[in-house]
Amino acid sequence: MANITLNINNKEYQLDADPQMPLLWAIRDMAGLKGTKYGCGVAQCGACVVHMDGEAVRSCVTRLSRAEGKKVVTIEGLSETNNHPVQQAWQQVDVPQCGYCHSGQIMSAAVLLRENPNPSDQDIDDAMAGNICRCGTYLRIRKAIHLAAEMQQKTAKG
Amino acid sequence: MHLPLSRSNLLFYPHPYHTKMSLSRRNFLKVSGLTGTMLALGYYWKADAKDAEIIKATDAEDFGVELNAWVHINTSGKVTIFSHRAEMGQGVYQAIPQIVAEELEVNLNEVNVVFAKGDNKKYGSQITGGSSTVRTAYKNLLNLGATAREMLIQAAANKWNAPKTDCYAEGGHVYHRPSKKKLHYGELVVEAAKLEMPKNVVLKKRSEYKLIGKPLPRLDTWMKTNGTAVFGMDKEIPNMLYAAVERNPRLRGKVKSFDDSATRRIPGVKDVVKVKMGVFSTYREGVAVVADSTWAAMQGKKALKVVWDDSGFEHLSTDVIYKRMSEALKTKEGLSFKKQGDPNIILKYAQKKLDVVYETPYQYHACMEPLNCIAHYQGDKLEIWGPIQAPDWVQDFISKEMNIPREKVIVNMTFLGGGFGRKAFMDYPHEAAEISKAINAPVQVVWSREDDATQGPYRPGMMYRCEGVVKNGEIDAFKVRLAGQNNDHWRSGKKGEPNRSASEGFLKPYYETIKNLSISDVPFETPIPTMWWRSVYASTNGFAYESFIDELAIEAGKDPMEFRRMYLKDERVQKLIDKMEEVSGWKSRKQNEGYGMAITECFESTVGQVVKVSRNADGKVKIDHLWAVMDCGWYVNPDTIQAQVEGSIVMGIGAATIHQVTFKDGKAVDNNFSTYQMPRINDIPPIDVYVMDNEEQAGGVGEPGLPPLAPALTNAIYDLTGKRIRKLPFNLAEV
Amino acid sequence: MKPHNTTKPSRYFPTKTVFALSAMLFITAAVASAFRNKEEGPVGKIIINKDSIESVKAFASVYKVLMSPRCMNCHPAGDVPLQGEDSHLHTMMPKRGKDGTGVSAMKCANCHQETNTPGLHTPPGNPKWHLPPADMKMVFQGKTPHELAKQLIDPNQNGHKNMEQLIEHASDTLVLAGWNPGEGRKLPPLSHKEFKKAWITWLTKGAYAPAPKPQ
């Protein structure tokens, strides 16, 4: 056990925890932010994706020792009012079914759109193939990302 | 009446997929509910006017006055509609309010939706399976909304001392037409609750609907985009501990002994206890590690050393299972499920016959949310929270197993991160309850993905031997024998009877036109627990039946679509075929394109699919496009239907071309998505979904889109390549 | 195309096959001159002691290692890394990206940590985990011994490495990761020490490439 300081959604959390513990469990059980999900524990499904210094890392395999000193953003911190273009597009297209994977899907899509503001279907597949959705909402994910790209561009133009 | 197998007289579980829930059967039954005695008249109604009172679930939640079990309105006019069924993605959290609000005359976006607790005396069956919620409950739900509305109008008429005919309801208010006065429902509800319930309310015509039939946005989407939707995994209760359980990997085995010395040294570990859980008619055993965090519990579990008792049952491997099924189908006629004419005689003397075997694998539900459950045992009372498909079954099961009065077992549903049939069982809540009792503290049991993937129950693996004779371009004989585990044997079903789902998926109109037909079930068992998996036997039967019909069509020299037309003379199916042809361009296909189609029936809905395939530049077969046509009769939300069919197709693609559960030495081999791979976004072709418009009886929506995928795909591959695929899963890249 | 059944040096140098040997000398001479003008003596701190037979023999060992899944899986012919002992395409199809570290939400380091993640079928780790970049793909998959040897010493294909840097590369942390592959993964066919020795022998004996087409 060690004293570890985590910065999650711009808030400092002082933890007494095993540095080998995956970030996921600190986010869920210690910070109490339950939007980030456990799906597989082995970086296969993407339900646990959070942003760490802007990258869409899988918190289930990211140890606290790596997360310390970095800026972690979870689904709860992605926007103030559920209004990130990706969140808005997700709502407009009604993407989620059971919804369990969508925190991770949205966090992945947000990084895609930051790096590629106008992604093609192929770009979307390349970025999103790491996120499993058992309900099979993939077609809507594709559609919503295109919509989010449009929204983002409109906002940028002012 | 079926009886449970070994733990006799325990419980009878009605088959949710076959028993059409009709609350009206309970007419005039006195039942007790939240606020005292209620009289059920085709639905559940609080009949005792004196009991009108404010209902509070917690101090924070003011649901208001109960007008009936589904509808509460508080005095400021806030309407709460209860969902008595589980929301696992299929959209009841939307559909139930959309139906009730239509007749209640309230705006859907102003309605508060709350999951009901388990209580089938109040709500009727709550098992969320068999795509049953809308199809079995919609008439009752319409009546509930309409009756409550009429009560509110009557209360307003009384207040204004006006004739009821001068009053009408709209947008959560009652209006007095002549004077244009209005009152909101909150101002009327206390009086309304005291009124006699009108017996015969007039329901709206479909043309008058403002909500039903419209692609309205889902009510739960916003909370599923910002992380606030509470799944079982996310629920917390005060002083809750966490448990991870090492269960016998051989599914039927027991714990012989265990060494927890290393486990107890892990910081955070509080206790280690042996635990059992009921899996229908048997028990499964394991060792639970209880800790102050999920991670500590998981680490503690890894450090356990358990010696298992694996005696008393066979340790089977997949190859042995299928070899036995194959042998049985070679020699046994099986138990007759359906027979007309005499296919055997025709087959015996036919000069040419088709005799082929189709094979489908065991499958795992793979909900994105692994199993989990919170239990708080408090001596004479037990409370459960979790992602639960059948809260009433959990209540009954735990009550019997743990000897606690049923009404003292309180079962709360959270959102479910997928269900697909798996979360309809009582094993994981029961296990949580036993752990809570053993440690005398509230506990959340979290299954790892590996636990979830290797413990079953699974969709049973199946084999189908199909024999047929074609004469003069027509089917002269049609004989199907199936072998595979019967889910009923795990639940309650009698042995010695054919699998009652032997024809699930097969369209009934075929019975009218195929004169010599037989379907039989060659009984087959293994110690592997099996259970419903989205669309149940239709998901495997459909592959065999609709592939075989395709083979017979080819044998007859007929276009497969025309062949179906010949044999499916039902008017609704003919219209469905028209639509399939129209939207898919079936008749205008190009060279180098393979087209395949299949039509299956599942939970009272019929779905037809057309798949188009071609070859990549590197010669590999790829799916180019999919068209699906759904006829589910009366429906609530076309967007939900589209989503469900899209999702069913994705799940169907996975089961047909990507994954399967295999067993080695009595254990499931693949334990996570690294080897039990899942369909991903780059596996999915464009899908167009069409919904037939009619006012027939409502059919299911969540499952019927799945069964046609596999046969439509393999039929398309045959069309392109001449290669007939009879075994699932197959690798598209290797065709 | 599976790069199994790799070279057996004895097949390249049967004493009776004069033709094969002379063809080899011709090719390796060309390769060597592309590498350094000097054909003998010291190159920087490294002593080149030409011996085509010893060099090619050593390369056979090098090749076995480089074509084992631990090395080849990150030197794929396409833009998706390979996985497993059968070198199948990496599940979820992560793409190389411009600099070899992946694209947008699918960067190598999103899953691959500084060290191996415990457990079977979990992401192996290394602080530098990446593929060769898009402009220098350094493909191993599908390469014959001849092709691979030539590629490895061609600065335009080897990441602009000279002899010294190539020798140092044998102890690169990402090369070493092949010998710390994480639970359940097979090690390369030689130990790292044996590999390094073969690698240096191959290079310092003249970096000869085996004949283009054995037999």
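Considering helices alone, the calculated mean residue ellipticity of chain B at 222 nm is -8500 deg cm²/dmol, with DSSP H runs of length four and up weighted by -39500 (n - 2.57) and normalised per residue. Shielding of peptide B:683-693 by partners, expressed as the average count of other chain Cβ atoms within 10 Å per residue Cβ, is 2. 3J(HN,Hα) along the stretch B:186-193, derived from phi through the Karplus expression 6.51 cos²θ - 1.76 cosθ + 1.60 where θ = phi - 60°, amounts to x, 7, 10, 5, 5, 5, 4, 5 Hz, with x in place of Gly and Pro. Leaving ligands and nucleic acids aside, the B/A contact buries around 4400 square angstrom of accessible area in total at a 1.4 Å probe radius. The largest accessible area among B:S336, C:S191, B:S448 belongs to the first residue in B:S336, C:S191, B:S448, and the rest follow in falling order (1.4 Å probe, all chains). Straightening the chain between B:S261 and B:K495 buys 79.7 nm, computed as 0.36 nm per residue apart minus the Cα-Cα spacing. Counting Lys and Arg as +1 and Asp and Glu as -1, what is the net charge of the other residues whose Cβ lies under 12 Å from the Cβ of B:Q351? Overall, the nearby charge balance is +3.
Summing Lys, Arg as +1 and Asp, Glu as -1, what charge do residues with Cβ under 12 Å from the Cβ of B:P638 carry, B:P638 excluded? List each step's numbers first, then the result.
On the way: positive: B:K214; negative: A:D94, B:D639, B:D693.
Charge balance near B:P638 sits at -2.
Taking only the Cα atoms of the stretch A:33-123, the ratio Rg/Rh comes out at 0.95, with Rh defined as the Kirkwood radius. Straight-line cross-link partners of B:K122 among the aspartates and glutamates, defined as a Cα under 13 Å from its Cα and at least 8 positions apart when in the same chain: B:E66, B:D392, B:E407.
Sorting B:W532, B:W222 by solvent-accessible area of protein heavy atoms yields B:W222, B:W532, largest first, with a 1.4 Å probe. Sequentially through the stretch A:2-9, phi angles give Karplus couplings (6.51, -1.76, 1.60; θ = phi - 60°) of 8, 7, 10, 10, 10, 10, 10, 6 Hz, Gly and Pro residues having no value and appearing as x. For peptide A:51-63, the mean count of partner chain Cβ atoms within 10 Å of a residue's Cβ comes to 4.
What the Cα atoms of the stretch C:104-205 give is an Rg and a Dmax of 15.0, 45 Å.
At a temperature of 37 °C and a viscosity of 0.692 mPa s, determine how fast the protein assembly as shown diffuses translationally according to Stokes-Einstein, using the Kirkwood radius over alpha-carbon pairs as Rh; express D in µm²/s, rounded to the nearest whole number.
Numbers: Rh = 32.0 Å.
Roughly 103 µm²/s, to the nearest whole number.
The accessible surface of the protein assembly as shown, taken with every protein chain in place and a 1.4 Å probe, is 51 percent carbon and sulfur.
Across the cross-link table entries B:K224/B:K575; A:K37/A:K157; B:K495/B:K579; B:K254/B:K479; B:K515/B:K587; B:K332/B:K664, which are compared at the Cα atoms, the separations over 32 Å belong to B:K224/B:K575; A:K37/A:K157; B:K495/B:K579; B:K254/B:K479. Residues in the stretch B:704-720 carry Karplus couplings, in order, of x, x, 7, x, x, 4, 4, x, 4, 5, 5, 5, 5, 5, 4, 4, 7 Hz; the curve used is 6.51 cos²θ - 1.76 cosθ + 1.60 with θ = phi - 60°, and Gly or Pro positions show x.
Under the combined filter of DSSP loop state and at most 16 neighbouring Cβ atoms within 10 Å, the stretch B:239-328 retains these trypsin sites (Lys or Arg not before Pro): B:R265. Modelled spin-label separation between B:K352 and B:V669, with each label point placed 7 Å from Cα along the Cα-to-Cβ direction: 3.9 nm.
Among DSSP beta bridges lying fully in chain B, give the percent that are antiparallel, nearest 5.
Looking only at bridges with both residues in chain B, the antiparallel portion is about 75 percent.
With 50 Å² as the minimum drop in accessible area between chain alone and full protein complex (1.4 Å probe), the qualifying residues in the stretch A:122-150 are A:D126, A:A129, A:I132, A:R134, A:Y138, A:L139, A:R140.
Rounded to the nearest 10 square angstrom, B:Y718 shows an accessible area of 60 square angstrom against a 1.4 Å probe. Ordered by solvent-accessible area of protein heavy atoms (1.4 Å probe), largest first, the residues B:T530, C:T201, B:T165 come out as B:T165, C:T201, B:T530.
For the pair B:L195 and B:Y209, the difference between a 0.36 nm per residue extended length and the Cα-Cα distance amounts to 2.4 nm.
Take each residue in B:84-95, count the other chain C-beta atoms within 10 Å of its C-beta, and the mean is 2.
Report B:I681's accessible area, 1.4 Å probe, all protein chains in place, as a number in Å² to the nearest 10. Counting only protein heavy atoms, the figure is 0 Å². Dimensions of chain B along the principal axes, based on C-alpha atoms and rounded to the nearest Å, stand at 84, 73, 51, largest first. Once you reduce the stretch B:276-292 and the stretch A:30-46 to the center of their Cα atoms, the two points are 24 Å from each other. Equivalent-ellipsoid semi-axes for the stretch A:2-77 (Cα gyration tensor, √(5λ), whole Å, largest first): 17, 13, 11. Ligands, DNA and RNA excluded, the heavy atoms of B:T606 present near 30 Å² of accessible surface to a 1.4 Å solvent probe.
Quick check of the Kirkwood formula: for the stretch A:85-157, what is the inverse mean of 1/r over all pairs of different Cα atoms, in Å? Let's see the in-between values first.
Working: mean 1/r = 0.0840 Å⁻¹.
The answer is 11.9 Å.
Computed from the C-beta positions of B:E333 and B:E696, the FRET efficiency with R₀ = 30 Å rounds to 0.20. Each of A:R114 and B:W222 was given a label point 7 Å from its Cα along the Cα-to-Cβ line. The distance between the two points is 2.6 nm.
Around the amide H of B:L241, modelled in the peptide plane, lie the amide H atoms of B:V443, B:Q444, all under 5 Å away and 5 or more residues distant in sequence or on another chain. The A:K143 and B:Y511 beta-carbon pair, evaluated with R₀ = 41 Å, returns a calculated FRET efficiency of approximately 0.50.
If you take all other residues with their beta carbon under 14 Å from the beta carbon of B:H184, and give Lys and Arg +1 and Asp and Glu -1, the sum is 0.
Spatial offset of the stretch B:537-614 relative to the stretch B:208-273 amounts to 41 Å, using the alpha carbon center of each.
Loop-located GluC sites (Glu not before Pro) across the stretch B:494-595 with a Cβ neighbour count of 15 or fewer within 10 Å are B:E525, with loop assigned by DSSP. In this structure the amide hydrogen of B:D624, modeled in the peptide plane, comes within under 5 Å of the amide hydrogens of B:K612, B:V613, B:S614, none closer than 5 places in sequence on its chain. Chain C against chain A buries an accessible area of about 1700 Å², both chains summed, 1.4 Å probe radius. Backbone amide hydrogens, once placed in the peptide plane, bring A:K71 within less than 5 Å of A:D53, excluding anything fewer than 5 places away on its chain. Average 1/r across all pairs of distinct alpha carbons in the stretch B:259-302, invert it, and you get the Kirkwood radius: 10.9 Å.
The values are calculated or read from the model by the stated rules, or taken from the named source; none is laboratory data. Because the structure is predicted, anything quoted here is derived from the model rather than measured. Every residue, glycine as well, gets a Cβ built from its backbone with ideal geometry; the counts of neighbours run over all protein chains shown. For accessibility, only protein heavy atoms count, side chains too; no ligands or nucleic acids. Shrake-Rupley method; radii C 1.70, N 1.55, O 1.52, S 1.80 Å.
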